[in-house]
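Structure, as structure tokens:
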Amino acid sequence: MVFVSFDLRLFHINSPFRKRGWTRSSLQYWDLSFKEKVFSLYEGYKEQIDSFCKVLKGFGIFAEITKEKIDKFIVFRNSITHTFSADFDEEIISIFIVLEAIVYFSIFERIGFKPEEVSKLLNLYLYKTRLCFNSKCL
């Protein structure tokens, strides 16, 4: 890997495309797309996320994650990011809640929590916010 990196640097230095930054700009896209990254995170926490979705159903939020729904959310996110306007509905909101849970699973696992502990924290958060919402303490 070191030799490949070194060879690419030499190519870049001696390249006729150097002024346009062709080498660097094309190499930066050698990664998964955002959709693929999100879906692979979902696949990693599928069991916990599916049980989280069941808990959400108890609150009247019908969220189920599929590749198509992730695609729909990414299109929505890109629309807001690049055009500063987008239409959203309850489905986008429910997808957001589930994707937010995926982020929490990822962060908490990275700092040492077990998935079961994160599930308990998320369920507690749901119950606390639901109780707060019902008692108008927002």
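The values are calculated or read from the model by the stated rules, or taken from the named source; none is laboratory data. No experiment lies behind these values; they were computed from the predicted model shown. Here Cβ is always computed from backbone atoms with ideal geometry, including for glycine, and neighbour counts include all displayed protein chains.
Observations on the model:
Quick grid of which residues meet (1) in a helix (DSSP H, G or I); (2) within 17 Å of the chain's Cα centre (by Cα):
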residue	(1), (2)
GLU64	no, yes
ILE80	yes, yes
PHE96	yes, yes
LEU99	yes, yes
GLU109	yes, yes
GLY112	no, no
TYR125	yes, no
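- A Cβ distance below 6 Å, combined with a sequence gap of six or more or placement on separate chains, defines the contacts here; from segment 121-132, residues that are assigned by TED's automatic domain parsing to the domain that holds CYS53 and under 14 Å from GLN48 (Cβ atoms) reach residues that are small (Gly, Ala, Ser) and at pLDDT 80 or above in the pairs LEU122/ALA101.
- Checking VAL118, VAL98, VAL75 one by one, the residue that is touching a Leu at 6+ places or on another chain (Cβ under 8 Å), assigned by TED's automatic domain parsing to the domain that holds SER40, at pLDDT 85 or above and not hydroxyl-bearing (Ser, Thr, Tyr) is VAL98 and no other.
- Criterion violated by SER40 - all others in (1) surrounded by fewer than 11 Cβ atoms within 10 Å (Cβ to Cβ); (2) in contact with a helix residue (DSSP H, G or I) (Cβ under 8 Å, 6 or more places away or on another chain); (3) modelled with pLDDT of 85 or more satisfied: (2)
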